[in-house]
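**Student:** Let me begin by handing over the structure; questions about it come next.
Where a number appears in this text, it was derived from the coordinates with a stated rule and is not lab data. Here the structure is a predicted model, which is why all the values come from computation and not from measurement. Using ideal geometry, Cβ is built from the backbone for each residue, glycine included, and neighbour counts are taken over all protein chains shown.
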Amino acid sequence: MKPSLRDWLLLAGLFASLVLVVGIWVTVDRRPPEWDYANHLERAVRCHQILSEQGWRGAGKILEMSSFYPPVVPCGAAFVYFLYPITPLTSQAVMLGFLGLALVSIFLLGCHLFDGPTGLLAALLFGAAPFVVYSGTKFQLDLPLAAVAVLALLILVRTDDFSRRSWSITMGLALALGMLVKPPFAVYLFAPFALVIGRAFRAHDRGRRGLNLALALLLGSLLSLPWYGPRLFGLPMQIANRSFKQAAQAGYPEAFTTSSLLIYPRALLPMFGLLAALLFAWGLLALAREPRARGLLWAASLVPFGVFLFIRNKDLRYVLPILPVGALIGAASLRALAPAWRRALAGVAILASIVQVGVSAFGIPPAPGWTPFGITLLSSFSPSPAEWPHRQILDVIAREAAGVPVTVSVVPNDNYFSAANFRYYAVRDRLPLTVTRAWGEYPLGVDFIVLKTGSQGPEFSIAKPRRIMERLAAGDPAFERAFPVIWQGRLPDGSAAIVRRRRLTPVTDVGPADLARQLKQGIARFLEPYAREVEGLRVDLAYSPDALLKGEIRRVEVAARSARIAEFSRNGAQLRVAELRFTLEGVRINPYRLVSSGDVEPLAIERFRVEHLLVTEEDLRAFLTAFRGLRGLRLGLEEGVVSVVLNLSGPDLAARLRLSA
C-alpha cells in the first residue's frame, strides 16, 4: 500500500517529538560517557582527527582503530564534526539520524506488508519504546544496528525473492552497511535471508534469481572485505570469548539455566513498554492470519532472539535490533480485531507512548513502583545536571606535565569515572596524555595516578583497583612519598577524587655506594618470581651518585650462565635458557621502598634489550608444547630458519620462518 501525505506528516511529527526529547535530555545531562559509550566517542574523534590531518590517505589508520568494532558509525560522527563542534548534542545527532532511518524503514515495511496505519503504529511502538529512547541518548552502535537491520529487511522484501536486479544490488549495499556497523548484523538477517533464498530457488526462473543473489553477496563481501579481511581468523575467537568466557568472568549465569533463560523475557516489558510487549506476544499468534508476512517476521524475530537467549553473555543492547520487527508484529496484531477495537487500541497506544517516554526520559510522571512477579514495568533514566571534574583533573595534569607527554593511570572502573571516559576527553582535547587502567604488580611507566574513594566499579573488574585502594588505606609511606597528592575534589556520587604525581626526591639516610649494593641484592630477590635455578648471576650498574639517590639508574646489566624462567606464580610454561645477558636503560625505581624494605619497585624503564640468549631446540619445544592448544607442535631449528608444524583437528598448519639479525 502506498503511504499517503498524511501518513508521512504523522511520521515526521513522531520523529520531531523524539528529537526534541533527546535534545533536551542531552542538553541537561552532564555525566561523562560510560565505558563502551566513551570508547565509541573516542574513535569518532580519532577518525575526525585522521581525516582532518591526512584525508583519505588515513583510511588504513581508520580501519585499524578497533579490532572488533567497524568504523562506519564513529566516522559518521566524524563527518558531522566537520560541520559542528564536538559536543554531546552533535554526537547524538548521528544517533537521531539512525533513529529516523529506523522509523522510516519500519513504516515503509509496514506499508508494504500490511497498510499505512499499521506501519505508523509500528513506528510509534518502536520509537516510544523506553529502551529506544534511552539508546537515543547514548552513542552506542545498537540503535544504528537496529536501523540498518530493518532497512535491510525492507530491501530484502523489495527484491521480490531476488527477481529484481536493481533491488538485489541495493541489497548488496545494505549487507555491507550492516556488517560495517556491527558484526552481529548477520544474526538478525540470517533467517529471513535464508527464507527468501529458499523461495528464490524454488521459482521457475531460479537461474536469473541466483545470479541476482550472487551479485548481492559479492557486492556485500567486496565492500566489507577491507575491514573484515585482516580479522578473518581473530574475530570469531573474539566473538566466542565475549559470548561465553568473558560472560563467565562478569558473573552471568550458565547459558541454559532458568535464570539465564529468563533474563530477556523478563526485560521485555521495561524495554518495549507494557502495551507494546503485550501486543507483540499476541501478534506472534495473530500473524498466522497473515500468510504474506508471517514467515518473514517470525524468522526475523524468533531466530535472533533464540540465538542471544542461548549464549551466556546477556545485555539488553543485543536484542534492541529485534524491536523494529517486534513493533511490526505488535502493530499487525490489531488487524485481527474489529475496526472499533482497532481504533480504541491505537488511541491507547498513543497515550501510553506519551506517558512512557515522559517517565523513561524525565521521570514525569514518576515510574510506578509496582513490580508484579519481580518484573519492573518501567524504569526512569532522568538526566543529571551535576558536573563531574574530569576537565579540571585533566587541566591539573596538563599543567603539571608542562607539555611533556605523560602516562596517566585511572585506577577506578566506575561507569562515570574510568579510564574510558578520561581517555576520550584527553583525545578530544588533544592532550599529550596516554591514559591507562590500574596497574598490576608495579606502577611501571605511570607519571600520574587518578583515584576515587567509594565504589570502584563492577565487582568482576576491580581486583586491581581494590588491591591498590586497600594498600593505600593500610598505609604505604614509600608509595605515598613517591606519588604525593597534588589535587583532591568531591564527586557527584559523594566520593572523593584524588590525583597523585610521581615526584622522586633524594633519599638522605644512605649513601650512593650503600644504595647501589642494596639495589644489586634487591634485583636478585626481584627476579625470584620469574627466574629459578639461576647460576652465575651478575648485576652491573651504571649511574650518577646524585641521580641514584633519586632512584635513577642510567643502565642495569644482568647476566647469568643459566636459568629457568617462567611466571611461577601462575604455574606458567617454563623455559630453560643459557648464557643470558640483557640490559635495561633509563631505569627508575622507588628509592624509598629500596631503603625501607630492600625491595625493588620499578617505576620506569626506557629501553630493554636482550644482548645474548641461548635456547636449545629441545627446551624451546618443551616450552611451547606446555601451552594449551600447542601439544601437537613439531619444531625444528636450522641455520637461520625455524620450521613449525602444528597438528590440528582439521588441516595441519606448517610454516618456515627465516630469522635475520
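**Student:** Helix 5-28 against the longest principal axis of the chain: what's the angle in degrees, Cα atoms only, rounded to the nearest 10?
**Tutor:** Tilt relative to the chain: about 30 degrees.
**Student:** Separate question: How many angstrom lie between the Cα centre of region 325-392 and the Cα centre of region 28-75?
**Tutor:** 32 Å
**Student:** Something else now. When we measure straight from the Cα of Lys245, which lysines land under 25 angstrom away, once same-chain ones fewer than 8 places off are left out?
**Tutor:** Straight-line reach from Lys245, under 25 Å: Lys182, Lys314, Lys464.
**Student:** Next question. Order the peptides 225-238, 270-283, 21-34 from the highest to the lowest mean number of other Cβ atoms within 10 Å of their residues. It would help to have the intermediate numbers written out before the result.
**Tutor:** Numbers: 225-238: 12.6, 270-283: 22.4, 21-34: 17.4.
Highest mean packing first, the order is 270-283, 21-34, 225-238.
**Student:** Report, to the nearest 10°, how far helix 206-228 tilts away from the longest principal axis of the Cα atoms in the chain, using its own Cα long axis and a range of 0 to 90°.
**Tutor:** 30 degrees
**Student:** Arg621 to Phe310: extension gain in nm, 0.36 nm per residue of separation minus the Cα-Cα distance? Could the numbers behind the result be given before it?
**Tutor:** On the way: separation 311, 0.36 × 311 = 111.96 nm, distance 3.96 nm.
Gain on stretching Arg621 to Phe310: 108.0 nm.
**Student:** Give the peptides 418-428, 478-488 in descending order of average Cβ contacts within 10 Å, highest first. Present the calculation step by step, with values, prior to reporting the outcome.
**Tutor:** On the way: 418-428: 22.5, 478-488: 16.5.
By packing density, highest mean first, the sequence is 418-428, 478-488.
**Student:** For helix 512-527, what angle does its Cα long axis make with the longest principal axis of the chain, in degrees from 0 to 90 and rounded to 10?
**Tutor:** 50 degrees
**Student:** May I ask you to derive the FRET efficiency for Leu278 and Asp395 from their Cβ-Cβ distance with R0 = 60 Å, giving the value to the nearest 0.05?
**Tutor:** On the way: r = 52 Å, r/R0 = 0.86.
Efficiency, rounded to the nearest 0.05: 0.70.
**Student:** I'd like to compare 256-267, 292-303: which one has the highest average count of other Cβ atoms within 10 Å, and what's the full order after that? Working shown, then result.
**Tutor:** On the way: 256-267: 13.8, 292-303: 19.5.
The most tightly packed comes first, giving 292-303, 256-267.
**Student:** Let me ask you something else. Run the quick spin-label model on Ser384 and Val510: label points 7 Å from Cα toward the beta carbon, then report their separation in nm to one decimal.
**Tutor:** Here the modelled spin labels are 4.5 nm apart.
**Student:** For each cysteine in the chain, check whether another cysteine's C-beta sits under 4.7 Å from its C-beta; list those where none does.
**Tutor:** So, Cys111.
**Student:** Take the Cβ-Cβ distance between Asp546 and Arg581 as r, set R0 to 30 Å, and report the resulting FRET efficiency rounded to the nearest 0.05. Walk me through the intermediate numbers first.
**Tutor:** Numbers: r = 28 Å, r/R0 = 0.94.
Once the sixth-power term is evaluated, E becomes 0.60.
**Student:** Moving on. Given just the C-alpha atoms of region 241-291, how large is their convex hull per residue in cubic angstrom? Walk me through the numbers on the way to the answer.
**Tutor:** Values: hull volume 6.2 nm³, N = 51.
Residue-normalised Cα hull volume stands at 122 Å³.
**Student:** Same structure again: Hey, how many Å between the Cα centroid of region 99-176 and the Cα centroid of region 190-238?
**Tutor:** Using only Cα atoms, the two centres lie 19 Å from each other.
**Student:** 7 Å from Cα along Cα→Cβ at both Arg335 and Ile486: what's the point-to-point distance in nm?
**Tutor:** Taking the two extended label points, one gets 6.6 nm.
**Student:** So, one more: With contacts defined as alpha carbon pairs under 8 Å and 6 or more residues apart, what's the relative contact order of region 294-403 in percent?
**Tutor:** Numbers: 54 pairs, mean separation 15.4, N = 110.
Averaging sequence separation for qualifying contacts and normalising by length gives 14 percent for region 294-403.
**Student:** Another question, then. Compute the Rg/Rh shape ratio of the chain: radius of gyration over Kirkwood radius, all on alpha-carbon atoms.
**Tutor:** Details: Rg = 30.0 Å, Rh = 28.9 Å.
Rg/Rh: 1.04.
**Student:** Spin-label point model (7 Å from Cα, Cβ direction): what's the Lys61 to Ser643 distance in nm?
**Tutor:** Result for the modelled spin labels: 4.4 nm.
**Student:** At R0 = 25 Å, how high is the FRET efficiency between Ser259 and Ala463 if r is their beta carbon distance? Nearest 0.05 is fine. Intermediate values should be presented prior to the final figure.
**Tutor:** On the way: r = 24 Å, r/R0 = 0.98.
The calculated FRET efficiency here is 0.55.
**Student:** Pick out, in residue order, every one of the trypsin sites (Lys or Arg not before Pro) in region 575-635 that is DSSP loop and has at most 10 other C-beta atoms within 10 Å; say none if there are none. Present the calculation step by step, with values, prior to reporting the outcome.
**Tutor:** Details: sites: Arg576, Arg581, Arg588, Arg593, Arg607, Arg609, Arg621, Arg628, Arg631, Arg634; in loops: Arg628, Arg631.
Sparse-neighbourhood loop trypsin sites (Lys or Arg not before Pro): Arg628.
**Student:** From largest to smallest, what semi-axes in whole angstrom does region 506-615 give when each is the square root of 5 times an eigenvalue of its alpha carbon gyration tensor? Provide the component values of the computation, followed by the final result.
**Tutor:** Numbers: eigenvalues 133, 44, 28 Å².
The three semi-axes for region 506-615 are 26, 15, 12 Å.
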